[in-house]
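Down below is the structure, laid out as structure tokens.
The values are calculated or read from the model by the stated rules, or taken from the named source; none is laboratory data. Note that the structure is predicted; figures quoted are calculated from it, not measured. Cβ atoms come from the backbone with ideal geometry, glycine included; neighbour counts cover every protein chain shown. When the accessible area is computed, the model is the full protein with side chains, heavy atoms only, and any ligands, DNA or RNA have been set aside. Shrake-Rupley method; radii C 1.70, N 1.55, O 1.52, S 1.80 Å.
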Amino acid sequence: MAKRRPHSTPASPPRLSFAAEGRMVAYSSGNFGKALVFGGADLTILYLLTDVLGLSGARAAGLLMFAALGDLVFDLVAARFVLHCRATGRGYRWIIAMAALPCAAAFAAIYAMPALGVHRPWLVAAAILVFRSAYAVVDVPHNALMAQVSRDSRARGRVSGYRLLFSTASALVIAVGLTPMVQGAGRAHHVDALAITGLAVGLAFALSMLLCVWASGRQSGGDGAASLRGDRIRVPLRDPMVLGMGALALITGFAMPCFGRMLIYLGSYVVPGTGGVTLLLGALTVGQFLGVLSWTALSHRFSKAVLLGAGHAVSGLGLLAFLASLAWPVGQVAAAALTGFGFASVFMLPWGLLADAVDVVEWRHGRRFETGLFAFYLVFVKASGAASAATIGWVLNASGYVPGGVQSAGVRLAMIGLGLGVPFVGAILAMTLLRRFTLDHDRHARLLTALLRRQGAAEPVSGLKRGLEKSSGEGETGRGGVALSSQARHSMSRSIVAPAAVRS
């Protein structure tokens, strides 16, 4: 790794106005609605398929794997649609508002199927595909908008925290509302109440997204063809930063959510008790809420990669504590809270890293792959997440899982392995990978300065530079300066950008 030059002076943290901070919070509020529908479906849809609709574990896993294959296409198609809309003057916010209601309707339809007497697998698969495709049209532009809400590395850490804070609030709603309703539908066949709950959640999602795009304000740097600055969907897959983010997406999507997905099974069959699942999910959510506050406060001082590695370490300790507390209910609750504390870092900080990666890749390749990189990451996260849920279904089926019955020791052991073993291995792999991420706040600030100078040299009229300042918001651009010579830019690319990215 190249050494930091002694004469380099760290850029001072930019000061944001109250309005700029408010826009960041308003943008992040969209995560409440997104987490409500996607997180709710992620935690409950496998249980809905097996214990409510009566599908076998293998068939349910097949449907989720089919959805995973759909995710490989949906986010890429959504990204192309976003680029087309932006080229015609339609910005990210317009796309989000346009797709919110269809996505809400598709979500409500899935949870209304038991009440409507719909049990045919192909109809269920069609509803899931419609929901995930509509969600992609909301998710891609909302996530890509993060790169424009702020360009400062520290501010992006706070935005990541705000996003997860709203996601955690929705997780609390899922824990005390949607999950018990799905459990009740499986045990007592309360399908009418399940349909009403699905409709209410869908409406809450649509309202949340519409309020988000209205309150966050127009991002002038994000609308129109002039702002694309070479934005492409075909990302440079051989770039080490892109490869590193892809590997992180696989771990984040496949391994880490297994604990949350399996809590409904662990609480029902491995550590059963009155209100066990709700209590464990509540503890997980409380721990995550405390984690959001702590990791967000620390993000101003420490790099996102360092905090993300620490979050994986904390979650790994929580998983080990849960395994050691299988016969101790109080210990289970405490371990779930500790795991949630670590998960706050695990699920919030990769988005800030990804926004920084957009800047790194722009420096290296001369193009801003903003929409493409976010679509690339979403494809890996969602597809691996769906593959994870499908794997859970296949393993449960192979182990002899009988919905609603008394489970054998082999089934319970499989549940423990899926819920605790898989995410623990994922935490170890993530910590190993994150040792290669060396982009800290100071290096990122110098990178932004270099980008501004390069663009100023390429366009003396400064129109491009002005567009960049517009896209970054108040007080969030790097320090200005005269244009660098080609030799100086080459030197900066070696001494700053190379160590800032993932080492090959």
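Side notes on the structure shown:
- Per-peptide average of other Cβ atoms within 10 Å, ordering 71-78, 395-402, 377-384 highest first: 377-384, 71-78, 395-402
- Think of the range 95-197 as a dipole: +1 on every Lys or Arg Cβ, -1 on every Asp or Glu Cβ, centred on the Cα centre; then among Met181, Leu194, Gly161, Gly161 lies furthest on the positive end.
- For the range 243-312, diffusion coefficient by Stokes-Einstein and Kirkwood Rh (Cα), 25 °C, 0.890 mPa s, µm²/s: 174
- A simple charge model with +1 on the Cβ of Lys and Arg, -1 on the Cβ of Asp and Glu and nothing else charged puts the dipole of the range 303-434 at about 120 debye relative to its Cα centre.
- Relative contact order of the range 73-221, taken over Cα pairs closer than 8 Å and 6 or more residues apart, is 40 percent.
- Local net charge near Arg59, Cβ-Cβ under 14 Å (Lys/Arg +1, Asp/Glu -1): 0
- Descending by average beta-carbon neighbour count within 10 Å, the peptides 165-174, 26-35, 138-147 line up as 138-147, 26-35, 165-174, the highest first.
- Between Ala126, Leu48, Val73, the Cα set farthest toward the positive side of the dipole of the range 47-157 (charges on each charged residue's Cβ, about the Cα centre) is that of Val73.
- Charge tally for Pro350 (other residues, Cβ to Cβ under 12 Å; Lys, Arg +1; Asp, Glu -1): +2.
- Local electrostatic count, Ala100, Cβ distance below 12 Å [Lys/Arg +1, Asp/Glu -1]: +1
- Dipole magnitude (debye, nearest 20) for the range 42-120, charges at Cβ of Lys, Arg, Asp, Glu: 340
- Heavy-atom accessible surface of Arg93, to the nearest 10 Å², is about 60 Å², with a 1.4 Å probe and all protein chains retained.
- Average accessible surface for the range 110-194: 31 Å² per residue, computed with a 1.4 Å probe over protein heavy atoms with every protein chain in place.
- Computing FRET efficiency as 1/(1 + (r/R0)^6) for Ala58 and Leu203, where r is the C-beta to C-beta distance and R0 is 30 Å, gives about 0.30.
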